[in-house]
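Let me begin by presenting the structure, written as structure tokens, before commenting on it.
Any read-out appearing in this document is the output of simple, stated calculations on the displayed coordinates, not a laboratory observation. What you see is a predicted model; the values in this text were computed from it and never measured. Quick reminder, even Gly has a Cβ in these numbers, built from the backbone with ideal geometry, and neighbours come from all protein chains shown.
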Amino acid sequence: MAITCNLCFYDRNADKNQFCEICGSEIRASTTLFEAQEKGIKDREAKTFLQSDEQQLNLNQNINNYPQKTPVSTNIPTSKTPIIEPGQKANISPTNSTNPTLINGTVAKLISKQVGAPITEFIIDSNNAIIGKFDPNIGPVEIDLDGFYGDETVSSTHAEISFENNQWQIKDMGSTNGIYIKPTGKTRFGYRINKPEILNSGDEIAIGKIRLLFLIT
């Protein structure tokens, strides 16, 4: 029976695995989506540890300082960011990303938090952008999450990011699985948004199961 990772939601781990084959996180008893997300993967460094009845490990200790006898999974694959040809990239990257629109001298970006994502960064090249997936009946969207792991939780027109009243905000466009925000400096996601919410640089956004970091540079 396959086991789903509570952090990156990879659902093809063998039942004997103690660590996720994608992100390297310890596989634990099932928790809710956003209980797991609050433990997020910081700087893409997989933090792993084992805990026994005889020894309690300090959770704040750098993993590089653990005794060598501590077992660490060797089943973590090394992932390389796929090289996407310009023709393939057309449907998942903003068309004007090489010449982004500057708003007050800044550029807004969405950076994927997913290991091995088909694209790592989206540049928001206008004062509004739709997040979703290509639908032949609707057409393309500016930020296309098709091909990401967990894209089945993303609606065709899931969310809209816009620049209004000198600030960025995001709103739900009637999606099935909702939008959640973890404000910068916080450790957990808030409730599903039901009205437009202001975005600050460093906020993390969950579009269904797909997590994106909002940055202004």
Worksheet, complete the sentence: Taking a ≥ b ≥ c as the square roots of the eigenvalues of the Cα gyration tensor, with a/c under 1.5 meaning rounded and otherwise prolate when a/b exceeds b/c and oblate if not, the range 107-217 is rounded
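Any chance you could run the full-extension gain for Met173 through Arg188? It's 0.36 nm times the residue separation minus the Cα-Cα distance, nm to one decimal.
Working: separation 15, 0.36 × 15 = 5.40 nm, distance 2.31 nm.
Extending this stretch completely gives an extra 3.1 nm.
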Worksheet, complete the sentence: Once amide hydrogens are built 1.01 Å from N within the peptide plane, the residues lying 5 or more places from Leu199 or on another chain with amide H under 5 Å from its amide H are Trp168, Gln169, Ile170
Practice prompt. For Ile179, list long-range residues whose amide hydrogen, built 1.01 Å from N in the peptide plane, is under 5 Å from its own amide hydrogen.
Written response: Ile193
Worksheet item: How much length is gained if the chain between Gln18 and Val107 is pulled fully straight, taking 0.36 nm per residue apart and subtracting their Cα-Cα distance, in nm to one decimal?
Response: 28.0 nm
Discussion item. Can you compute 3J(HN,Hα) from phi for each residue in the range 141-158, using the Karplus curve 6.51 cos²θ - 1.76 cosθ + 1.60 with θ = phi - 60°, rounded to whole Hz and x for Gly and Pro?
Written reply: 10, 5, 10, 9, 9, 4, x, 6, 5, x, 5, 5, 8, 9, 7, 4, 10, 8
Fill in: Under 16 Å from the Asn127 label point (7 Å along Cα→beta-carbon), backbone N, the range 151-174
161-170
